[in-house]
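Participant: Can you read through this structure? Questions will come right after.
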Amino acid sequence: MTMKLYFDPQSRSQVAKWMLDEAEVDYEIVTTLIKDKAHKRPEYLKINPAGKLPALVDGRTRIFENAAICMYIAEKFPGKRLAPFTGTPEHGRYLSLMVYSTAQLEPSMGDSLLHIRSNNSARGWTNFEEAKDAVERELGYGPYLFGTQFTAADVMIGSMLIWYRAFGGKLNRPKLDAYVDRLQARPKGMKFG
């Protein structure tokens, strides 16, 4: 049975698509346009009760949220090496980066794009400059977050930085700009913006 990705090209579902493409797995796109409110229909809410995109259906399994989809694909296809193996020291760092992408990087990026100045610590996340500092430290000297191994963490962290530039944001960090350029140059890389 082919996996189904519920997808709108003008949404975050591009991140899940990028991950599926990197894994080189067969999947079907189920167009679910936000402008048509397809993501709010009862049949879709059975797949993703939050009424957001993306969602992935694999047989009887349903997954929503990009980080969850990326982790699922990496685990389902370990031969693709899109995540450090469970039980290795790198695996804990990988899980941390996957969560960091949505818990810290994405909300601080949104604040930056919207020019929201607030007490971020009271809201639970850092500011975007500090988030970029953390990503730069984690990137180290490798082309990717895990050196030469491209992983789902690059999909999640990288997609946030790609979106930021696509929406007119300037990273003003040569190391991060070079990282985003490398990600977008990948044959299956997210080409948004």
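The values are calculated or read from the model by the stated rules, or taken from the named source; none is laboratory data. None of these values were measured; they are calculated from a predicted model. Glycine also receives a Cβ, built like all others from the backbone with ideal geometry; neighbour counts cover every protein chain displayed. The protein model used for the area step is the full one, side chains on, heavy atoms only, and it has no ligands, DNA or RNA in it. Shrake-Rupley method; radii C 1.70, N 1.55, O 1.52, S 1.80 Å.
Participant: Filter the stretch 103-125 for residues that are on the phi < 0 side of the Ramachandran plot, not basic (Lys, Arg) and not in a helix (DSSP H, G or I); which is modelled with the highest pLDDT?
Facilitator: Applying the filter and picking the extreme gives LEU114.
Participant: Now a separate question. Is at least one residue of the stretch 137-148 within 16 Å of ALA16 (Cα to Cα) and at pLDDT 90 or above?
Facilitator: no
Participant: For the stretch 151-185, give me each residue that is among the β-branched types (Val, Ile, Thr) and in a helix (DSSP H, G or I).
Facilitator: VAL155, ILE157, ILE162, VAL180
Participant: What are the residue pairs meeting all of these: first residue in the stretch 72-87, first residue in contact (Cβ under 8 Å) with a residue 12 or more places away in the chain, second residue among the small types (Gly, Ala, Ser) and assigned to a loop (DSSP other than H, G, I, E, B), Cβ atoms under 6 Å, and 6 or more apart or on different chains?
Facilitator: If the second residue must be among the small types (Gly, Ala, Ser) and assigned to a loop (DSSP other than H, G, I, E, B), the pairs left are ALA74/ALA83.
Participant: Run GLY189 past the list (1) open to solvent by 20 Å² or more (accessible area, probe 1.4 Å); (2) touching a helix residue (DSSP H, G or I) at 6+ places or on another chain (Cβ under 6 Å); (3) assigned to a loop (DSSP other than H, G, I, E, B) and report the number of the one that doesn't hold.
Facilitator: Condition (1) is where GLY189 drops out.
Participant: (1) aliphatic (A, V, I, L, M); (2) open to solvent by 30 Å² or more (accessible area, probe 1.4 Å); (3) under 19 Å from VAL15 (Cα atoms): which one isn't true of ALA178, the others all being true?
Facilitator: That leaves (3) as the condition not met.
Participant: From the list LYS46, LYS76, LYS52, LYS35, which residue is over 16 Å from LYS4 (Cα atoms) and among the basic types (Lys, Arg)?
Facilitator: LYS35
Participant: Could you check how many residues of the stretch 21-50 are touching a residue at least 40 places away in the same chain (Cβ under 8 Å) and either under 15 Å from ARG62 (Cβ atoms) or of a type in the set (Gly, Ala, Ser) (or both)?
Facilitator: Qualifying residue count, the stretch 21-50: 3.
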